[in-house]
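Working notes, beginning with the structure itself.
The values are calculated or read from the model by the stated rules, or taken from the named source; none is laboratory data. Predicted model only: the values in this text are computed from it and were never measured. Counting neighbours? That spans all protein chains shown, and the Cβs are built from the backbone with ideal geometry, glycine included. Accessible surface is based on the protein model in full, side chains and every heavy atom, while ligands, DNA and RNA are left aside. Shrake-Rupley method; radii C 1.70, N 1.55, O 1.52, S 1.80 Å.
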Amino acid sequence: MKKLSLVGLLLCLFAAAGAAGQDLRRPAVDGVFYEKDPGRLAASLKRLLDAVDPRPIEGEVLALVAPHAAYACSGPTAALAYRQVGDRRYDAVVIIGPSHHVGFEGCSIYPRGGYETPLGVAAVDEALAAELGRRTGFGFTPEAHVREHSVEVQVPFVQTVLPGVPIVPVVMGFADRRAVRTLAEGLTAARAGRKILVVASTDLSHHLPRGRAA
């Protein structure tokens, strides 16, 4: 009887460990879009952030637009955006990126656990994620997050500039007017009473010369 109880206990522990592991989103593009080695990644982010000189902004910064290409291509532009919030305080960061691999309606809100990068794990703000889901009706589509880089590449910048601040990763499916409006209204309601930074992850143009892209 004791042996059976011990086996049952071990099975429960393994099952719990497996469930917890499912809540941790592993990096998919480390070593491709940014450095895989933690030390090199930290050094590259420091170089990018130190190299830019942002114009001071008065008042609150509620949202950023940041690119999601490889750091070698878009790192300086992303760094310029994130330097605007380095000396500010936020309760959470909502990162919204488009889906490049999975087509679906609405948005997928990562509900719990964390996003892992070489710099560690950025914890998900579970309460805010749940509230945003309740306000929008959007759920969680796991496959939308597995290979998606648009959210992932923002996380090391957030970890560096706003260390310890939790995130809510949101992958947007078909970006029709209804989905955008629903997400915007849900964010407005969910953020009430909290200081939330929204990061819109996007590439505004591809393969254009600097003069035309600007």
Taking Cα pairs closer than 8 Å and at least 6 residues apart, the relative contact order of the chain in percent is 30 percent
Note: residue 204 to residue 189 extended length (0.36 nm per residue) minus current alpha-carbon separation gives 2.7 nm
With all protein chains in place and a 1.4 Å probe, residue 57 shows an accessible area in Å² (nearest 10) of 80 Å²
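Do any chymotrypsin sites (Phe, Trp or Tyr not before Pro) in the range 136-214 lie in a loop, going by DSSP, with at most 16 other beta-carbon atoms within 10 Å of their beta carbon, and if so which?
Hits after loop and neighbour filter: 140, 174.
Given only helices, namely DSSP H runs of n ≥ 4 each adding -39500 (n - 2.57), what is the per-residue ellipticity at 222 nm of the chain, to the nearest 500 deg cm²/dmol?
Details: 9 runs with 91 residues, N = 214.
Per the formula, -12500 deg cm²/dmol.
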To the nearest 10 degrees, the tilt of helix 177-190 (Cα long axis) against the first principal axis of the alpha carbons of the chain is 70 degrees
To the nearest 10 degrees, the tilt of helix 2-22 (Cα long axis) against the first principal axis of the alpha carbons of the chain is 10 degrees
Rounded to whole angstrom, the alpha-carbon centroid of the range 76-103 lies from that of the range 138-185 at a distance of 9 Å
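Got a number for carbon plus sulfur as a percent of the range 67-163's accessible area, 1.4 Å probe?
Numbers: 1990 of 3780 Å².
The nonpolar share, carbon plus sulfur, comes to 53 percent.
Counting heavy atoms of the protein chains only and a 1.4 Å probe, report the per residue accessible area for the chain as a whole number of Å².
56 Å²
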Magnitude of the Cβ-charge dipole (Lys and Arg +1, Asp and Glu -1) of the chain about the Cα centre, nearest 20 debye, reported as 160 debye
